[in-house]
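The values are calculated or read from the model by the stated rules, or taken from the named source; none is laboratory data. Because the structure is a prediction, the values reported are computed rather than measured. For neighbour counting, all protein chains shown are included, and Cβ atoms are generated from backbone atoms with ideal geometry for every residue, glycine included. Areas reflect the complete protein model, heavy atoms only, side chains present, ligands, DNA and RNA absent. Shrake-Rupley method; radii C 1.70, N 1.55, O 1.52, S 1.80 Å.
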Amino acid sequence: MTAAKQDRLKIAVQKSGRLTDHSLDLLTRCGLKYSRGRDELICFGENMPVDVLLVRDDDIPGLVHEDICDLGIVGQNIITERRLELTTRAQPSPFMERTLLDYGHCRLAFGMPERDDNDRPVDGQRIATSYPAIVQDFLVREAIDAQVVEFSGAVEIAPRLGKADIICDLVSTGATLKAHGLREGETVLESRAQLIQTPVELSADKTQWVERLLRRIDGVMQVRESKYIMLHAPRAALAKIRDLLPGSESPTIIPLEGLDDKVAIHAVCRETVFWETLEDLQRAGATSVLVLPVEKMLA
Ligand code: ATP
Ligand code: ZN
């Protein structure tokens, strides 16, 4: 392998699942153009020294921890499970947890049969889960004397099979729990996708690319929410209108030719702009209100 090749950043991303499209889309929005390898396991970056490895999400923390990949994108549920597991094996900082991303939202929560009135496990119960370290950690912190039964999949059927009293699993809408006659209880962990980095120090070149990518990721996440608002406002209503603009710091105020009592206001709003906000602006005296999407942004 040539030196140049070794200096390419390797990012591990889920091969096929809930995080795949979001993660590849994020990297594309960061400017990465790639071609997929013949084995479909690697995407070679064509315009940046960045390659994407497509793997099972469960393997991502390990690949980053072992420095086979420099970066990885995976759910906090899997990151936390792996961190707790490695910490108990005297590996206190297996990887660096960096930017939290704006997708992959879910929660790890208890699910119990309808007849069970508790929202959390009680002493003596058996809990089926694919997240034994997280659940064990919860039990220790809360001083609950319950038993963890590890399941690798189909956790929801454990109570019906008599293998457990309650479960602890990922939930987003709760429909799966309901379909199995279970009720959602306490949340143990809120989760979304996160970028992790190898614990091993990177070369100066790679560090530069990582920081650059992180800045672009922040920019991409900001523009997803951001809008550019333009409107005309009576000078007298300026203060009120400024207060109504969601998440904007310092709008640009432009005089209007031939109109002394009116100005144009341009502002970047970093929060979702709802119809209600536009109606409030109108009531405050704003006219000619235009809301435009923002294409790119660098803070
Ligand atoms: P793999 O084949 O890569 O092991 P998987 O079946 O373990 O895939 P997915 O179901 O694709 O994983 O979920 C990937 C991640 O998406 C989860 O680890 C979690 O962080 C997130 N996620 C978001 N919503 C949900 C949900 N409703 N159920 C499960 N995971 C969710
Ligand atoms: Zn998985």
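Structural remarks
- Just one of (1) out of contact with any Gly (no Cβ under 9 Å at 6 or more places or on another chain); (2) open to solvent by 10 Å² or more (accessible area, probe 1.4 Å); (3) assigned to a loop (DSSP other than H, G, I, E, B) fails for C69. It is (2).
- Residues located in the range 128-146, provided they are within 22 Å of the chain's Cα centre (by Cα) and under 15 Å from E186 (Cβ atoms): Y131, I134, V135
- Picking from residues in the range 164-179 that are assigned to a loop (DSSP other than H, G, I, E, B) and out of contact with any helix residue (DSSP H, G or I) (no Cβ under 6 Å at 6 or more places or on another chain), the one that is nearest to D123 (Cα to Cα) is D165.
- Residue check for L161: assigned by TED's automatic domain parsing to the domain that holds I127, under 24 Å from the mean Cα position of the chain (by Cα) and open to solvent by 60 Å² or more (accessible area, probe 1.4 Å): no
- Meets criteria (open to solvent by 60 Å² or more (accessible area, probe 1.4 Å), more than 30 Å from D25 (Cβ to Cβ) and basic (K, R)) for R235: yes
- Residue satisfying condition, being assigned to a helix (DSSP H, G or I) and in contact with a Ser or Thr (Cβ under 9 Å, 6 or more places away or on another chain), within set E201, E156: E156
- Of all residues in the range 1-60, those that are closer than 30 Å to Y131 by Cα, buried (at least 18 other Cβ atoms within 10 Å of the Cβ) and hydroxyl-bearing (S, T, Y) total 1.
- Count of the range 20-60 residues which are within 16 Å of ligand 1 (Cβ to nearest atom) and out of contact with any Asp or Glu (no Cβ under 8 Å at 6 or more places or on another chain): 17
- Within the set V64, V13, V74, the sole residue that is assigned to a strand (DSSP E or B), within 16 Å of ligand 2 (Cβ to nearest atom), under 22 Å from L214 (Cα atoms) and in contact with a strand residue (DSSP E or B) (Cβ under 6 Å, 6 or more places away or on another chain) turns out to be V13.
- Of the residues making up the range 64-89, those that are of a type in the set (A, V, I, L, M), within 17 Å of L24 (Cβ to Cβ) and within 15 Å of ligand 1 (Cβ to nearest atom) are I73, V74.
- If you go through the range 245-289 and keep only what is under 26 Å from R29 (Cα atoms) and loosely packed, with under 11 Cβ neighbours inside 10 Å, you end up with E249, F274.
- A count restricted to the range 243-258 and to residues that are outside any loop (DSSP other than H, G, I, E, B), farther than 14 Å from T287 by Cα and out of contact with any helix residue (DSSP H, G or I) (no Cβ under 8 Å at 6 or more places or on another chain) stands at 4.
- Those residues of the range 82-129 which are within 23 Å of T176 (Cα to Cα), open to solvent by less than 40 Å² (accessible area, probe 1.4 Å) and not in a strand (DSSP E or B), in sequence order: Y103, G104, D116, P121, Q125
- One residue from E184, E150, E201 being assigned by TED's automatic domain parsing to the domain that holds G75, touching a helix residue (DSSP H, G or I) at 6+ places or on another chain (Cβ under 9 Å) and open to solvent by 20 Å² or more (accessible area, probe 1.4 Å): E201
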